[in-house]
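These notes concern the structure reproduced below.
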Amino acid sequence: MKVTCLQENLTRGLQIAGRGVSSRSTLAILGNVLLRTESGRLKLTATNLEVGINCWVPAKVDDEGSITVPAKLFTDFVNSLPPGPIELSLNVRTKTVHIKRGPFEANLKGMDAEDFPTIPGIPDKPTTRIAQSALKRMVREVAFVAATDDSRPVLTGALTTFDGNEVLMAAADPYRLSVRRSTLLLKVPEKVEIIIPAKSLLEVERVLEESDDPVDLFITPNRGQVIFHTEDVDLVTRIIEGQFPNYRQVIPASSQTQVIVQREELLKATRLASYFARDSANIVRFQIDPTSDTPLVISATAEEVGDNTGRIEASVQGQPATIAFNSRFVQDALTSLSAPEVKLELGGPLAPGVIRVVGDEEAYLHVVMPLRIPS
């Protein structure tokens, strides 16, 4: 193998592929990145057996070949080199990669490419297709809700439903639920439901761009894996087996109070209150009074520290209400959004609260369970 590529391109490729490198595996080769020449480019591959990532880097290929090298050492060295062309050449007999950039060079001992786990190739036809920006937004607004406790594996993933021209993604833990709906670029012939690990989706979000360029989705014939494919990157992840809970049961059918408020103002007030809520189970109170000049008041009290009150302008319909939430859950939801205005729907002090995006109410919702306010 003998290739030449730009340091900046190789650095970016290693940054992407490196997300798949295993840091704790007993298999030494999983700490390596696979270098392989393919179709006039340099292909970088890494996997931790949960997620596999392929990334293609523009390169001048003089000799074909493949080898695996320690990912961290290779990445650290390449990142520290000055911009410009890097020459990579493989001594097949000693399994050593020679790296040269101007006055700097190194020799890196590798392991056989044949010993590296196989990453599934993409089938001929995608299951469906979606704009990168749309999928990136879905993941950003949904995946963070998924549980991190492995006691219920299905809750560590996001239920993703493809139906006709539409995709719906939902994630939940015992305290909250997030649902986002979007439009597909390629219609699916029949309804498909899969549970994708939230950790994998967050890696997908990192490699996608804020563009209308498509990302192709391939579900393997055995329904065991899903592949996300762009022009330069493939990400493969397993599909979680099991039955996702019927999340629709926790979505309130009606509300007594509706509040429209600037998202940034609500986030700022909740964040300020959270500092005082740290010593009181993160409890933040929302008080709504339609007759007041500042109808939304957010407050928190810690007996040994002090208290905080924030008054926000809002448009309110319905009855006065007082409800308490975990400040972190509210902040997480508001931070994941980019819309200027949100709508709060409340059904009483012990009913779940619903956050929607103003102007996009049917496509997104976030449910937060309330906390009991200490008497």
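The values are calculated or read from the model by the stated rules, or taken from the named source; none is laboratory data. The structure presented is a predicted model; accordingly, all values stated were derived computationally and were not measured. Using ideal geometry, Cβ is built from the backbone for each residue, glycine included, and neighbour counts are taken over all protein chains shown.
Points to keep in mind about this one:
- Qualifying residue in the stretch 324-338 (condition: assigned by TED's automatic domain parsing to the domain that holds Val259, charged (D, E, K, R) and modelled with pLDDT under 95): no
- Val215 vs. criteria outside the structural domain of Leu42 (by TED's automatic domain parsing), touching a residue at least 60 places away in the same chain (Cβ under 8 Å) and either more than 28 Å from Leu334 (Cβ to Cβ) or of a type in the set (Gly, Ala, Ser) (or both): no
- Taking the criterion of being assigned to a loop (DSSP other than H, G, I, E, B) and not aromatic (Phe, Trp, Tyr), the residues of the stretch 170-200 that qualify are Pro174, Leu184, Leu185, Lys187, Val188, Pro189, Glu190, Lys191.
- In a residue-by-residue description of the stretch 1-15, the property of being modelled with pLDDT under 95, of a type in the set (Lys, Arg) and in a helix (DSSP H, G or I) applies to no position.
- Within the stretch 240-279, the set of residues being hydroxyl-bearing (Ser, Thr, Tyr) and surrounded by 18 or more Cβ atoms within 10 Å (Cβ to Cβ) comprises Ser255, Thr257, Thr270, Ser274.
- Any chance Ser151 is within 19 Å of the chain's Cα centre (by Cα) and either outside any helix (DSSP H, G or I) or more than 19 Å from His366 (Cα to Cα) (or both): no
Here's the yes/no breakdown for (1) part of a strand (DSSP E or B); (2) polar (S, T, N, Q); (3) over 13 Å from Phe286 (Cα atoms):
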residue	(1), (2), (3)
Ile323	yes, no, no
Val330	no, no, no
Leu334	no, no, yes
Ala339	no, no, yes
Lys343	yes, no, yes
Gly348	no, no, no
Glu361	no, no, yes
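- The set of residues in the stretch 255-279 that are among the polar types (S, T, N, Q) and either more than 30 Å from the chain's Cα centre (by Cα) or in a strand (DSSP E or B) (or both) comprises Ser255, Gln256, Thr257, Gln258, Gln262.
- Consider the stretch 229-254 and keep the residues that are part of a helix (DSSP H, G or I) and over 21 Å from the mean Cα position of the chain (by Cα). The one that is nearest to Asn54 (Cα to Cα) is Arg248.
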